[in-house]
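For reference, the structure is listed below as structure tokens.
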Amino acid sequence: MLADLMYTLRSMSRNLKFSLLTVFVMTTGLALFIFIYSFLHNTLTSPLPFAGGDRVRLIQGMQVDYFLVRMNDYEEMKSKLSSFDTFDAYSNGTRNLMTSDRSMRENTYYVSPTFFEVSDAKPLLGRLLNEKDLEPAAEPVAIIGESLWQRLYASDADILGKKLRVNNVPHTIVGVMPQAYRFPQTGNLWLPFKQSTAGVARASAPFVKILARTKPGITDEKAQAELTQMMSDIEQRFPKLNADKTVNMITYQEAASQNQEELILAMKLCVALVMLLACINTGNLLLSRALEKNKESAIRSALGAPRLKLVVQVMLESAIICLASGIFACMIAAWGLDISLTELSKMFRGSEAPFWWQFDLTSSSFIVAGIVTLVLAVVTGALPALMSTGGDINSVLRDGTRGAQSKVSSYLSQLIVVIEVALSCALLILATSMVLTVYNKSKMDFGVEFDGYLSARITLPRSEYNSDSKIMNYFRSVEQELESNPNVEAVSYTRNLPFTWTLTPEFMMEGADYGKDPQYPLVEYVTVARDYFETMGVKLLEGRAFDARDKAGSPLAAVVTQSFINRYSKDESPIGKRFKLVGGDDQWFTIVGVVNSVAHVFPYGDTITRPSVFVSLEQNPGSTMNIVIKAKGDPNLVRESLSQVTFKAEPNAPLFNVRTVARLKERAFADYNFISGIFVIFAIASTVLAFSGIYGVVANMMVQKTQEVGIRKALGADDAQVLIHFLIKNGKLLLAGLVIGIPIGYVLINMLEDTDLVTMSVGIFVMIPLGITLISLLAVISPVGRTLKMEPILALRYE
Amino acid sequence: MKTLIELKSLSKVFSTEEVDTHALSDINLEIKTGEYVSISGPSGCGKSTLLSILGLLDVATDGEYVLNEKNVSGLDAKQRAAIRNIEIGFVFQSFNLISDLTVEENVELPLTYRKDISKEERRKQVQGALEKVDMSHRAKHYPSQLSGGQQQRVAIARAIVGNPSIILADEPTGNLDSKNADQVMALLDKLHEDGVTICMVTHDPRGAKRAKRVIEIFDSKIVSDSSVQEVRVDSQESLAEEAVA
């Protein structure tokens, strides 16, 4: 065996270029596979990193309730369910935090003690919550995360017992959690969950999230069936309030990546295609090598070598290649995962990814990599080994008699070319469509300018800002103060920044007939200050923008977008028309102007074509607004000034989500960019594999056809005639591959169109086949040309 | 008879970094139309090299080659291919049929490289050639479905289908048993009787006996060029001298 190994290594080193090419091809496929496997496993399927983490689930309600569950339903389920050993409500929301010298806003979780037990929590300092903390009269306490401890208290060792004001209510800090603990996703502040249904009408009861852990041995299906049955029972008793309401049980990992199923499927499909391409290429390269050694195998066989020994010898080469590829692939995948974490974190607020996301190669990655490498070594090595050792020894040794075996090899080579072309074509169509779609989307006009702006969210305490005039006074004073800063060009306010969210109420136009059972249209409803359009580069198309006439007490004014006109007022000018919100306070808004369409929500689907109305801040003051500052230079230079001005104006109204408007766009496109980046890699990999694969197949074919070239030349064919013969021959295979690959690409795109990441483009279906044709031509011309350079007599004698 | 082939002081040297090997030295030879020539000699003497040069599959290092009154010594690859297609038919020891093509496609192959011949004409010529070698009943078969003797008959059909000026046969019976070898040789005899010029390299004394003229090469040189009767005596003397030496 050792001798065989040494012989194989020597043989590989003698054909170093070939060996490196084979390792490169296999590394490409394996690296992508290990990367995608590790990425999906670490983010989606690996259990949460604590004991029993595989049984922890999130119970969520229907979408209309923002995935929450009515507390009464929760309490009833908790008292009756038997599938769970933990079933606890919790809630979360952003809260104002204030210490003696600073304030901020932070996502805060209201939880019970079991929350920490389930997640195997151990405090860095102090203690966890206990049952006494939940009592209504108990002193408010707080547990903070290490990150908050550093930011608010500079990691003060005497933190325990200090007060932290949460929405102006002092809480005693009783514990600090380590950096690694951020359950359930990005937690940094945990307060006791004290909500109850006592004395609250069912219809007004609060909504909660539910943390659950199934009992050991209970399957998800069984637990889900019990939940569904229980919600059905509740619905029978409360048919109006609970009509069609049910709850779903999912993992926290799934919750963090909801609505991405098609995308994940696309990634799996692509990696499967790339792996298949890599396997075929490697197998084919090894086959060509094995066929070159056909005679050697025949000689060994004639000398008495058992076939198994010959097979093992050929397979040793594939084993070495796959092993080397596996090692390189792991290194590349680890590097790719590292980059991915940085890129993907951008899509989360504060650039914080869920705590369970591990972007390293885990033991699971190595085990899977090892198994796949082993399987590949067998798969890619078996066929060449059997082909090269299974022929008629006599025929091979007689030299030149190419019978049935060469015919089989020939058919196999042709089949491989067809498969290569089909797979490459499908993969390239999908990947290129995706990259092009994301690129086009990022270059779309979203109706506002993004560069040069700083934004922040301000929530004024309602207890102190209990009138519209107080609210407006605050906003005006901050605006005036900031506009005196030489780095500030303009300041304005909006309820909703681009690519965040908006209210989408139903509305009705005055005089419109909506029928007996009216289905009112929806509109994005955004409150802005009067100079918002000018500040953000929104263009006025008709009528006027908000001005001094639109003050409190005046008739309510509204400015609509072009998309609104396109949808609801195509044939006539909307200026002067009136609408009101359905279910609102029955006040009519008069349309005074039209601006260009603006995207307010994430750039999915019809973002830019959704109709929007803007209303004046002075006529609809809100205690929570976003401030936008147009800076004269780098917007980050006014951060400090913004912080100081707002703190001075109201210490109890901390700024949060301080970020550039460009960052909003970056965040909105982070997942798009990441996914399209992955698909760019898929596209490059498939192109390289397609070229090397077709080249390898044709080169292999030409090695086998060298004698044929000699025969044709001996019979009078010139170089051009021989080249044309092989181009036509391979052209037929190319056509067959494209005929199979194009429909597969169409089906893949069709399947993924709902994800909004890919759109059908006729151009792609023309360009990709043309590109593959070009690549194929190059891949054919090169090896054929090399063979043609041989003198006919040498080609005839070629073994 | 017209001179078909004329070699003047032809030589072929294979050079490596270390040594020059003289495969052919100062070869002077004339073959007339209608001749049946056999070239023989021990292994490595240069007879196959000579046949390759005669067939324009290889080029001489020095000397002159006139084929059908045309000097073909300095032609480029494309010109040589065109002349091969028209003037020369090959029969190889290992048949060299293309395994992916059927019998009739193999035979048709040289004609497909000619521009001035219709498909119908090609079909007729293929049919005629296959009938001459008694293989028309296997026209749709692939080479792997034929015996060695049958494959060689197909190769002969391919060699004659374009009515070449000369057929060059390199050990045409080398891969055949005696029965099939006799059949192939009989076929070549018949072709010669029909007026085809044949130049054949062979080891087989029975094959050589059928030729009307035998050229013997030894150590890269023509050592005899005579009728079959003469060559027997000459070669016996040569072998005796070699043994004494």
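Descriptive notes on the structure:
- Relative to its Kirkwood radius, the Cα radius of gyration of segment A:460-532 gives an Rg/Rh of 1.14.
- Screening chain A for DSSP H helices whose Cα atoms reach 27 Å or more along their own axis and whose mean Kyte hydropathy is at least 0.0 gives A:16-40, A:261-292, A:307-345, A:363-389, A:404-442, A:661-714, A:719-752, A:762-788.
- Percent accessible area from carbon and sulfur atoms, the protein assembly as shown, protein chains only, probe 1.4 Å: 56 percent
- Sorted from longest to shortest, the spans of the Cα atoms of segment B:49-115 along the three principal axes equal 40, 29, 18 Å.
- Amide H to amide H, with H built 1.01 Å from N, B:Gly89 comes under 5 Å of B:Ile166, B:Ile167, B:Leu168, counting only residues 5 or more places away or on other chains.
- As a size descriptor, the averaged projected area of the C-alpha convex hull of chain A was calculated at 44.3 nm².
- Two-decimal log10 I(q)/I(0) for segment B:153-201, as the Debye equation yields it once each C-alpha is a single scatterer, q = 0.16, 0.26, 0.31 Å⁻¹: -0.40, -1.06, -1.40
- A:Arg95 accessible area, assembled protein chains, probe 1.4 Å, Å²: 60 Å²
- Relative counts (whole %) of C-alpha pair distances in segment A:516-594, using bins that are 10 Å wide: 16, 51, 29, 4, 0
- Cα-centred dipole magnitude for segment A:575-725, charges only on beta-carbon of K, R (+1) and D, E (-1), debye, nearest 20: 220 debye
- Excluding ligands, DNA and RNA, the accessible surface per residue across chain A is 43 Å² with a 1.4 Å probe.
- Percentage relative contact order, chain A, counting C-alpha pairs under 8 Å, at least six apart: 17 percent
- Between segment A:498-526 and segment B:166-227, the alpha-carbon center distance in angstrom: 99 Å
- Based on C-alpha pairs under 8 angstrom that are at least 6 apart in sequence, chain B has a relative contact order of 26 percent.
- Taking N as its residue count, the alpha carbon Rg of segment A:453-500 over 2.2 N^0.38 Å: 1.28
- Anisotropy class of segment B:1-65 from Cα gyration tensor, a/c 1.5 cut: prolate
- Extreme residue, positive dipole direction of segment A:180-275, given options A:Ala225, A:Val274, A:Ala201 (C-beta unit charges): A:Ala201
- Adding -39500 (n - 2.57) for every DSSP H run of four residues or longer, then dividing by how many residues chain B holds, sets the calculated 222 nm ellipticity at -12000 deg cm²/dmol.
- Accessible area in the full protein assembly, largest first, 1.4 Å probe, for A:Thr362, B:Thr33: B:Thr33, A:Thr362
- Cubic angstrom per residue, convex hull over Cα atoms of segment A:639-791: 162 Å³
- Placing a label point 7 Å from the Cα of A:Gln721 along the Cα-to-Cβ direction, the residues of segment B:97-133 with a backbone N closer than 11 Å are B:109-117.
- Dipole check for the protein assembly as shown: with +1 at the C-beta of Lys and Arg, -1 at the C-beta of Asp and Glu, and the Cα centre as origin, the magnitude is about 880 Debye.
- Peptides A:720-728, B:39-47, A:414-422 ranked from most to least packed give A:414-422, B:39-47, A:720-728, packing being the mean of other C-beta atoms within 10 angstrom over each peptide's residues.
- Note on A:Asp156 and B:Asp177: their simple-model spin labels are 10.6 nm apart, each label 7 Å out from Cα toward Cβ.
- Rounded to the nearest 500, the 222 nm mean residue ellipticity of chain A from helices alone is -17000 deg cm²/dmol, with -39,500 (n - 2.57) taken per DSSP H run of at least 4 residues.
- Selection among A:Leu16, A:Leu428, A:Phe475 by position relative to the dipole of chain A gives A:Leu16 as farthest towards the positive end (Cβ unit charges, Cα centre).
- Two-decimal Rg to Rh for chain B - Kirkwood Rh, Cα set: 0.98
- Spherically averaged projected area of the convex hull of Cα atoms, segment A:122-233: 9.9 nm².
- Using a Förster distance of 22 Å, the FRET efficiency for A:Glu791-B:Ser15 (Cβ separation, nearest 0.05): 0.95
- Counting only Cβ charges, +1 for Lys and Arg and -1 for Asp and Glu, the dipole size of segment A:702-799 around its Cα centre is about 560 debye.
- Kirkwood Rh (inverse of mean 1/r, distinct Cα pairs), segment A:37-179, angstrom: 17.3 Å
- Between segment B:1-77 and segment A:620-637, the alpha-carbon center distance in angstrom: 93 Å
- Fraction of the pair-distance distribution of segment A:599-727 above 23 Å, Cα-Cα pairs, percent: 67 percent
- Inter-centroid distance (Cα atoms) of segment A:704-737 relative to segment A:417-456, Å: 40 Å
- Residue by residue, segment A:86-97 carries 3J(HN,Hα) couplings of 9, 8, 10, 7, 8, 9, 8, x, 7, 10, 6, 10 Hz when phi is fed to the Karplus relation 6.51 cos²θ - 1.76 cosθ + 1.60 (θ = phi - 60°); x denotes Gly or Pro.
- Size of the A/B contact, given as accessible area buried on both chains, probe 1.4 Å, in Å²: 2200 Å²
- Cα gyration tensor shape for segment B:103-171, rounded if a/c is under 1.5, else prolate or oblate: oblate
- Remark: relative contact order (segment A:499-572) = 21 percent; criterion is Cα-Cα distance under 8 angstrom and separation of 6 or more residues.
- Heavy atoms of A:His41: accessible area, 1.4 Å probe, square angstrom to 10: 40 Å²
- In this calculation the C-beta distance from A:Thr197 to A:Thr94 is compared with R0 = 30 Å, giving a FRET efficiency of 0.80.
- Counting only other chain Cβ atoms within 10 Å of each residue's Cβ, the peptide A:714-727 averages 6.
- Expressed as a fraction of 2.2 N^0.38 Å, the value expected for a compact globular protein of N residues, the C-alpha radius of gyration of segment A:555-628 is 1.17.
- Taking all protein chains as they are arranged and a probe of 1.4 Å, the heavy atoms of A:Met508 leave approximately 40 Å² accessible to solvent.
- For segment B:1-142, alpha-carbon Rg and Dmax in angstrom: 17.7, 54
The values are calculated or read from the model by the stated rules, or taken from the named source; none is laboratory data. As the structure is a prediction and not an experimental result, all values here were calculated from the model. Glycine gets a Cβ as well: all are built from the backbone with ideal geometry, and neighbour counts include every protein chain shown. We work out accessible area using only protein heavy atoms, side chains counted, and drop any ligands, DNA or RNA first. Shrake-Rupley method; radii C 1.70, N 1.55, O 1.52, S 1.80 Å.
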